[in-house]
Every structure is written in structure tokens, then in C-alpha cells.
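The structure under discussion appears below in the form of C-alpha cells.
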Amino acid sequence: MEKKKTIISIITFTLGIIVLIVGVVFLVLGINRGSSMDDAEYLVAQEKWTLEDEDKVVWDFTEIGKGTLTTNGHENDYEFKWALEDGKLKIETDWLYELENEYDYSLDQSGGILVLKADGEEHRFVTNQ
């Protein structure tokens, strides 16, 4: 009987240690992952994005699906609608006429950099926060 209690105690202790180790592993993985958010939410949370090396070009993602942009330091602001679909940023701008653009995009949330690619050109935007 005493031997049985010792074996059960050792098994219980071993299982407890295994559960503790698994918990620590998941905690470390969760901390390392950080608090990444959805790309669309991140664009809105950062609000204003300025074209790198051209501070007069500013895109402001005001809410999911809507925003404003300027190309001349806010002398003129234009409204746009936007969506993220399958790795692409689609934008309809209410300019002098309606303009539709589609970009392949990549977003570095930790560095605050939005890279848009289309027609062999690359545009880098940085967050103003």
C-alpha cells in the first residue's frame, strides 16, 4: 500500500512539472509574439502616414474603409475609400475625377512602415506617431 502511494505521488508530481513547463512555454511564446493587431486596425490606429522623403504627401486612414489624403501639404485634401484584400490595398480616391488604384502592400507594424508596390514602383510611407 505504501509503495502504491509513493508511485501515485511521483506520477502526480511528474505530471505537475510537465504542465508547469508547458505553461511557461506558452507564456514565453505569447510575450514574444507581442500585441500585433490586424493590418487595417493598425493603419487606422496610426492615423497619418507620410511618404518617405516627401512630407507633403500624407495619407490619413480615419476609419476602416475611409480616409483622406493630400499631395501638397494640406492645401487640398481628398477623401478616399480603401480596403485590404489578399495582400492588396485597394483605394478609390475622390479627386477631380474618381481614381482607382491597387497596390501590393507590406506592413511592418514594429517599424511603422507601409510599403506599396504597383507598376514596378515602390512607395514607402512612415507613420507619424
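The values are calculated or read from the model by the stated rules, or taken from the named source; none is laboratory data. Since the model is a prediction, treat every value here as computed from it, not as a measurement. Counting neighbours? That spans all protein chains shown, and the Cβs are built from the backbone with ideal geometry, glycine included. Remember, those area values only see protein heavy atoms, side chains included, never the ligands or the DNA or RNA. Shrake-Rupley method; radii C 1.70, N 1.55, O 1.52, S 1.80 Å.
Odds and ends about this structure:
- Taking the chain as the region of interest, the number of lysine pairs whose Cα atoms are within less than 30 Å, with members eight or more places apart or on different chains, is 19.
- Cα convex hull volume per residue for the chain (Å³): 142 Å³
- Per DSSP, loop chymotrypsin sites (Phe, Trp or Tyr not before Pro) in segment 34-129 with at most 13 further Cβ within 10 Å: Trp95, Tyr97
- Theoretical gain in end-to-end length, Lys56 to Asp104 [0.36 nm per residue, Cα-Cα removed]: 15.0 nm
- Dipole moment magnitude, nearest 20 debye, the chain about Cα centre, only Lys, Arg, Asp, Glu C-beta charged: 1720 debye
- Contact order, relative form, for segment 20-103: 15 percent (alpha carbon pairs under 8 Å, 6 or more residues apart, mean separation divided by residue count).
- For segment 36-92, average projected area of the Cα convex hull in nm²: 4.1 nm²
- Contour excess over end-to-end distance, with Cα ends at Thr6 and Lys117 and 0.36 nm allotted per residue: 33.3 nm
- Stretch gain in nm, segment Glu79-Trp95, where the contour uses 0.36 nm per residue and the Cα spacing is subtracted: 5.0 nm
- Spin-label model distance (nm) - Thr71 vs Ile18, 7 Å beyond Cα toward Cβ: 6.4 nm
- Accessible carbon and sulfur surface of the chain relative to its total accessible area, %, 1.4 Å: 54 percent
- For the chain, accessible area per residue (1.4 Å probe, heavy atoms of protein chains only), Å²: 71 Å²
- Think of each Lys and Arg Cβ as +1 and each Asp and Glu Cβ as -1; about the Cα centre, that makes the dipole of segment 49-117 roughly 140 debye.
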